[in-house]
Every structure is written in C-alpha cells, then in structure tokens.
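The values are calculated or read from the model by the stated rules, or taken from the named source; none is laboratory data. Values in this document were obtained by computation on a predicted structure and should not be read as measured data. FYI the Cβ positions are ideal-geometry reconstructions off the backbone, even for glycines, and counts take in every protein chain you see. Just the protein is used for accessible areas: all its heavy atoms, side chains included, with ligands, DNA and RNA removed. Shrake-Rupley method; radii C 1.70, N 1.55, O 1.52, S 1.80 Å.
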Protein chains: 2
Amino acid sequence: MRPSAKLHDSDLPKARLRLWLKMLKAQGSIEAEIRRRLRDEFGFTLPRFDVMSALSRFPKGLKMSEISNLLKVSNGNVTGIVERLTQDGLAVRVAVPEDRRAQLVRLTSAGTREFSKLATAHEGWIDDMLAGVPADRLDDFSALLDTITDHLERREDQTNAK
Amino acid sequence: MRPSAKLHDSDLPKARLRLWLKMLKAQGSIEAEIRRRLRDEFGFTLPRFDVMSALSRFPKGLKMSEISNLLKVSNGNVTGIVERLTQDGLAVRVAVPEDRRAQLVRLTSAGTREFSKLATAHEGWIDDMLAGVPADRLDDFSALLDTITDHLERREDQTNAK
C-alpha cells in the first residue's frame, strides 16, 4: 500500500495549488530549454516547430484554421509562420478541388526531411531532460496526468450536456 | 512495494516523450480554462494576471526587467501591460532614490485589492480543475514533478561549472 499523505479536506485547495505551480515550473523549464536548443541548434522558433509538427501528422494537408485550432494559437500568427515555411521551401499551399476558396497547407518533401531531423533531436532533448524521473515511475506519472485531463473532459461533457 | 512498470531501457525515450506530451496536454487544458475564466469573469488576460501576480509578491516594487525575467516574457509586452495597469489605477511607477534612471512598478492599494479577488477566484478554479487527482496522491504527484525540476537544475549547475 502507498503511504497516505493524510491531507485534511481543508488542505486540499492549497495542495492542488502547489501541484499546479509545480506543473507550471517543470513545464516552463523544459519549454525554455527546448526554445533555446531549437534556436541555437536549428535557428528555429517553437511556434514554427509546432506548426511543422502539426503538418507532419496530417500528410494530406491542413487548412489554416485547422492548424490554429490544433495549436490553440491565433490565425494571424499561423499565417506568418506558414508564409515563411513556404518561402523556405518547407511547406506548400495547395488548392482544394471541391472548394475554390479553401487552401490546404502541406509539408514539402524537404519539409518532411527537415522536420524528421528536428523531431529526432527533440525526442533526445526530452529523453535527457526527463531522465531525473525514476524509470519505474514514468507510467504512474503519466497516469496521474491522465486523472487531470479525464476530469477536465468529464466536466466539459457535463457543461455541454446542460 | 510499488509495482514496477518493467520498462526496457529502449522504451525509456518513448515513455519520457509520452510523459511530456501528457504534461503539455494537461497544462494546456488548464491554462485554456484559466484564460477563458479570467476573460469572461474579470475581463482580464493571462499575461495581465501574471504581471499583477509578480507585483503582488514584491510589495516594494519591481523594475520592468525584473518583471520580464520573472515571467519569461519580453520587455515590450510587459511595458504595454504595465501601461494599462497604470491607466486603470492598479499600478504606479515610482522613482528609485539611488538611481535616477530606474523606475519601480508597484501595485496600488486598489491593485492589491483587485488582485486579491482574482487570486481567490484562481485558487478556486485550480481546486475545481485538479479535483480528479486522488487526494492521497497529490503530494506524490508534486514530488514526481520535483524530480524533473531538480534534475534540470543539477544539469544547469554542471553546465555553469564547466
């Protein structure tokens, strides 16, 4: 049995706030390091990496609005990033046959190759940065994070059902 | 004894990447909800909340550059936010007696009262959003997050010592 933390109900809000602040700290430190390495080793920004990552998951292409939704960033920012990816030959805009006004953005094969290099490097950085978590606790840690997302999704379902 | 996850060494990079993606997802969902509530209930943006939060921790005031460092956002953004807080009577700029060029930013008493209301609401939202984590696992979860930050800090110390 796991040792109980023996929290009184009145301690829970503080314990949850502390957990959130620790999440922010850990996530912020990792993200800062990823930004630094993307910049220093590849001359890349994190939003540019994120757009390429989204495009790499949808080889048939994505509308601008779909990229924004996936990344939760504003359409304006995505437009600028796609503009520069296109200029650099890493992405192309293609017409949609059944909708004359719509355009899809796709990685070029040069873009796919470039992203594959970045993704490999990124995986190595994460491996390195998360090496402090005991190996036998990784799955448990992931499961704890799931308890947060599951709860948020249930809450959202309930709100939508009202 | 805790059940071992029995990960082979070759699975570790993937397990760490999965953990990182779950961290991003949980954190992103919480942050999106905080942004939404700050906007809907207080007409506030998250960066504005974060600047007031930093100022509330330093009642004697902070230089613009100190606010930027604490929040890891660019000086330009902080300037605009402080400008609007000042216009709204929530913050003031004060001269530093020993350095004529420097200015400190401080919350006004109206700003302190306003932030105290926001902080109470924010604590309630977090309490609500993290309610899915079993109460007796909260401290363990926090400790797991510490294993990440501790490792990153040790790495940084080693890099600086070189």
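One table, with the values for the structure above:
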| read-out | value |
| --- | --- |
| Test: A:Leu90 is in contact with a helix residue (DSSP H, G or I) (Cβ under 6 Å, 6 or more places away or on another chain) and within 14 Å of chain B (Cβ to nearest Cβ) | no |
| When residues of region B:57-76 are limited to those that are in contact with a helix residue (DSSP H, G or I) (Cβ under 7 Å, 6 or more places away or on another chain) and away from chain A (no Cβ under 14 Å), the one most open to solvent (accessible area, probe 1.4 Å) | B:Asn75 |
| Count of region A:153-162 residues which are among the polar types (S, T, N, Q) and facing chain B (nearest Cβ under 9 Å) | 0 |
| Members of region B:105-138 found to be under 21 Å from the mean Cα position of the chain (by Cα) and away from chain A (no Cβ under 14 Å), listed by number | B:Val105, B:Arg106, B:Leu107, B:Gly111, B:Thr112, B:Arg113, B:Glu114, B:Phe115, B:Ser116, B:Lys117 |
| Filter pass, B:Phe141 being touching a helix residue (DSSP H, G or I) at 6+ places or on another chain (Cβ under 6 Å), surrounded by 13 or more Cβ atoms within 10 Å (Cβ to Cβ), away from chain A (no Cβ under 11 Å) and not β-branched (Val, Ile, Thr) | no |
| Region A:104-120, residues that are surrounded by 15 or more Cβ atoms within 10 Å (Cβ to Cβ) and not acidic (Asp, Glu) | A:Leu104, A:Val105, A:Arg106, A:Leu107, A:Thr108, A:Gly111, A:Thr112, A:Phe115, A:Leu118, A:Ala119 |
| Residue within region A:33-53 that is free of Cβ contacts under 8 Å to residues at least 40 places away in the same chain, small (Gly, Ala, Ser) and open to solvent by less than 60 Å² (accessible area, probe 1.4 Å) present | no |
| Test: residue in region B:79-90 that is on the phi > 0 side of the Ramachandran plot, open to solvent by 30 Å² or more (accessible area, probe 1.4 Å) and modelled with pLDDT under 95 | no |
| Hey, B:Asp150 open to solvent by 50 Å² or more (accessible area, probe 1.4 Å), more than 21 Å from the chain's Cα centre (by Cα), among the acidic types (Asp, Glu) and at the interface with another protein chain (Cβ under 10 Å from one of its Cβ atoms) or not | no |
| Matching residues in region A:11-31 - criterion: being of a type outside the set (Gly, Ala, Ser) and within 21 Å of the chain's Cα centre (by Cα) | A:Leu19, A:Trp20, A:Leu21, A:Lys22, A:Met23, A:Leu24, A:Lys25, A:Gln27, A:Ile30, A:Glu31 |
